[in-house]
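Only the coordinates and a few stated rules stand behind these numbers; no lab work does. Keep in mind that this is a model prediction, so the values were computed, not measured. Backbone-built Cβ (ideal geometry, glycine too); neighbour counts: all protein chains shown.
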Amino acid sequence: MQDSTDPQQHARAERFRRFVEPEIEVLLRVARTLTGSGVDAEDLVQETLIRAYRATDKFDGRHPRAWLLTILRNTNSNMHRRKRPDLVADWEVVGGHRPAFGARPPTPADDAALHAELDAGLRRAVDALDPRFRAVLLLVDVDQLSYADTAQALGIPVGTVMSRLHRARNRVRTALRVRPATRSDR
Amino acid sequence: MIATIRQMLRCHWSARRIQRYLDADPVARLAPAELRRLEEHLARCERCTAVVEEHRLLSRLLGGWTEFRAPDPRAVARLRATVDSLVADAL
Ligand SMILES: [Zn+2]
């Protein structure tokens, strides 16, 4: 770095901060879905931030999230040399140590039991998905990305996002429907 | 017979649009005419209405994972510090 009082440097630094700060949590979520691990996710976002900083001057400022997700995806494939960046290898199941719905709204005991059963079935069904389908489902329905941002994160066309998402949901939905022993009969 | 086939075709047509209808994602909105046609069908068809309800339940259940998978606040703080130091180096 040359002149420490360079106003251009200053403007770039402020631009960078403005683009990036609101997206840190989303980047961490997506990174976790892509890497399947919280620790790798943090490393990945860290590296993404450094690369984004270097690329700030080339960015037109229009869609910071999409810009960052593209850098994240490229960084991930460089870091892990993935043959298929849209193929999420392993997914950390939503946590074996998961508190039993601690975070969900309070429900009567029967509802809670039904919810627990549904959620276990859901985990099995998501587990059984093709990893490419699972990645899209997690990014849209859990990480709450738009179709377009999901496409950026995975490096696939929006149409592919939609068809994978729709098939994934239909598969999971059907799997939940035939859950063993409904509670209504006791 | 013809009525049954017609009904099947309507359900098939609807099934292909239900998720876009529920998501209302900016890049894949239904056209107003499609929207009207779908809502008219849902008002009359129990089977498709049940599918919509299943999608809503699935969405609620997966939405429950969102909170659970929220990033560790310490990781967020460390990454904010990374941003700070990148910016500070430039100044
Ligand atoms: Zn129908």
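Take the Cα of residue A:177, step 7 Å toward its Cβ, do the same at residue A:6, and the gap between the two points is 6.2 nm.
Near the amide H of residue A:145, within less than 5 Å, lie the amide hydrogens of A:140, all on another chain or at least 5 residues away, with H placed in the peptide plane.
Residue-wise HN-Hα couplings along the stretch A:41-46, as the Karplus relation 6.51 cos²θ - 1.76 cosθ + 1.60 with θ = phi - 60° gives them from phi, are 4, 5, 4, 5, 5, 4 Hz; Gly and Pro carry x. Scalar couplings 3J(HN,Hα) for the stretch A:29-36, obtained by applying the Karplus form with A = 6.51, B = -1.76, C = 1.60 to θ = phi - 60°, are 4, 5, 4, 5, 5, 6, 9, x Hz; x denotes Gly and Pro. Each label was represented as a point 7 Å from its Cα along the Cα-to-Cβ direction; for residue A:120 and residue B:68 these points are 1.3 nm apart. For residue B:85 and residue A:144, the FRET efficiency from 1/(1 + (r/R0)^6), where r spans their Cβ atoms and R0 equals 30 Å, is about 0.55. Working from Cα pairs under 8 Å separated by at least six residues, relative contact order for the stretch B:2-90 is 22 percent.
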